[in-house]
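> I'd like to ask you about the structure that follows.
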Amino acid sequence: MSEERPPLPPFTRETALQKVQGAEDAWNSCDPERVALAYSEDSVWRNRDTFVTGRAEIIELLRQKWARELDYALRKDLWAFEGNRIAVRFQYESHDTSGQWWRSYGNELWEFDGHGLMRRREASINDVRIDEPRAAHLRDPAARRAWGREPAALTVRTGARPVPARRWWPQATMVTQQRPGSGSSRIAPGASPASSARPESSSWFMWHTRSRCSSARAWKGQLAMVTTPPASLGS
């Protein structure tokens, strides 16, 4: 009989939050074997530019990760969910063997099987050099729990309004262009959101506001996106 890892999909907001909290707790243990138990035996990962398949490869990747990233402390937040998929944004701090501290910002896309095990994980991560650890909420478990679960607590805003966690919306589109010499993106000049529409009914992209064409920019201008909800949504 296949092992189960509740809560099981399809997810509600409550059960999606449970998955996020469970992942945060496991990763903060820095125990590769414990972390790997949340993934299916044939789980497929893209972690930065590394691709691995199966628990044995996941464990080895994590062992190497935590041999480099010392005094690791992580914070994960629910961004969106739909069916058997969850999107998460996260940040963590660590230092390397030379003593240099880093803060890493990332986004994850999770897909689960019917037993609640994650069968697919895609993670994109950017690292920022810092002089010393700055985030008490990353280092103190009690502070992490008290910090709240809304992405708005992490200073992502649309205009003057916090962006709440939203459910996946099929056919959402995103148009970005890499800015030369930086790790951020901007709207492509003259680009039409409709021109990049994906034909799949279960797009990984999200819509963020009810406006017909709107922009959402992360704190310090790290990301810009254009999204177009279906015409049936209205204004």
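> Looking at the stretch 1-35, which of its residues are under 15 Å from His115 (Cα atoms) and either hydroxyl-bearing (Ser, Thr, Tyr) or surrounded by 19 or more Cβ atoms within 10 Å (Cβ to Cβ) (or both)?
Ser2, Pro9, Phe11, Thr15, Ala16, Lys19
> I'd like the full set of residues that are surrounded by fewer than 18 Cβ atoms within 10 Å (Cβ to Cβ) and over 17 Å from the mean Cα position of the chain (by Cα), limited to the stretch 87-125.
Residues satisfying the conditions are His95, Asp96, Thr97, Ser98, Gly99, Gln100, Trp101, Trp102, Gly114, His115.
> Now for a separate question. Looking at the stretch 114-135, which of its residues are free of Cβ contacts under 8 Å to residues at least 60 places away in the same chain and hydrophobic (A, V, I, L, M, F, W, C)? Show your work before the answer.
If we filter the stretch 114-135 for residues that are free of Cβ contacts under 8 Å to residues at least 60 places away in the same chain, which is where we start, we get 127-132, 134.
Answer for the stretch 114-135, where residues must be free of Cβ contacts under 8 Å to residues at least 60 places away in the same chain and hydrophobic (A, V, I, L, M, F, W, C): Val128, Ile130.
> Sticking with this one: For the condition more than 23 Å from Asp127 (Cα to Cα), in the same structural domain as Arg119 (by TED's automatic domain parsing) and at pLDDT 95 or above, what is the one hit in Ser98, Ser104, Ser40, Ser29? Explain how you work it out, then say what you get.
Details: Ser98 fails: more than 23 Å from Asp127 (Cα to Cα); Ser104 fails: more than 23 Å from Asp127 (Cα to Cα); Ser29 fails: more than 23 Å from Asp127 (Cα to Cα).
Residue meeting the stated conditions: Ser40.
> What strands (runs of 3 or more DSSP E) lie completely within the stretch 35-144 and have 2 or more residues being among the aromatic types (Phe, Trp, Tyr)?
Answer list for the stretch 35-144: 39-47, 70-82, 85-95, 101-112.
The values are calculated or read from the model by the stated rules, or taken from the named source; none is laboratory data. In this text the structure is predicted, and so the values were computed from the model without any measurement. Every residue, glycine among them, receives a Cβ derived from its backbone with ideal geometry; neighbour counts consider all protein chains shown.
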